[in-house]
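**Q** Below is the structure I would like to discuss, written out as structure tokens.
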Amino acid sequence: MDTREEILQILEQKGSVLQKDLWKELKIDSSKCSRILRKLEKEGLIKRVEVVVDGVKTFKIIPAGAEEEEEEKELNLMAIMEKMEDLAGLPPCFGCLEIDCDATKCIKMEVWFLRRATID
């Protein structure tokens, strides 16, 4: 089995994987992995989504077509968190999905504080 097939098989099993974990699992260097992934993306077989993990930029690799499903899951989770914020009065940081967020510059926090100020 070639590396391309291995990548597609891993994605089929896991649904998504971080690029940094993928090249480690395949025991290939990161630049070779990047080249293969760029080709797979160009062919429309995968989607590379930029993410920051532990302060380091990497890509989340997902099968083509799965990005809509991922976005839908995120939207559902965000709707649930917003409802919890409203019901319990919790700040948006409680369920924030942003990894590198600065609460002092967060528009969600600003809106939350303004809402709280008008309620109390």
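**Q** Among the residues of segment 45-66, are any modelled with pLDDT of 70 or more, within 30 Å of E6 (Cα to Cα) and among the hydroxyl-bearing types (S, T, Y)?
**A** The answer is yes; a qualifying residue exists.
**Q** Exactly one condition in (1) more than 28 Å from D100 (Cα to Cα); (2) in contact with a helix residue (DSSP H, G or I) (Cβ under 8 Å, 6 or more places away or on another chain) is not met by K60; state its number.
**A** With respect to (1) more than 28 Å from D100 (Cα to Cα); (2) in contact with a helix residue (DSSP H, G or I) (Cβ under 8 Å, 6 or more places away or on another chain), K60 is out only on (1).
**Q** Would you tally the residues in segment 35-61 being surrounded by fewer than 16 Cβ atoms within 10 Å (Cβ to Cβ) and outside any strand (DSSP E or B)?
**A** 9
**Q** On to the next question. What single numbered condition from (1) at pLDDT below 90; (2) more than 30 Å from A117 (Cβ to Cβ) fails to hold for E5?
**A** Among (1) at pLDDT below 90; (2) more than 30 Å from A117 (Cβ to Cβ), the lone unmet condition for E5 is (1).
**Q** Which count do you get for residues in segment 6-22 that are free of Cβ contacts under 8 Å to residues at least 24 places away in the same chain, over 18 Å from the mean Cα position of the chain (by Cα) and surrounded by 15 or more Cβ atoms within 10 Å (Cβ to Cβ)?
**A** Residues meeting the conditions: 1.
**Q** Also, I was wondering about something else. Please go through segment 1-34 and pick out each residue that is in a loop (DSSP other than H, G, I, E, B), farther than 19 Å from A64 by Cβ and either in contact with a strand residue (DSSP E or B) (Cβ under 6 Å, 6 or more places away or on another chain) or basic (K, R) (or both).
**A** Correct list: K27 only.
The values are calculated or read from the model by the stated rules, or taken from the named source; none is laboratory data. Just so it is clear, the structure is predicted and the values come from calculations on it, not from any experiment. Glycine also receives a Cβ, built like all others from the backbone with ideal geometry; neighbour counts cover every protein chain displayed.
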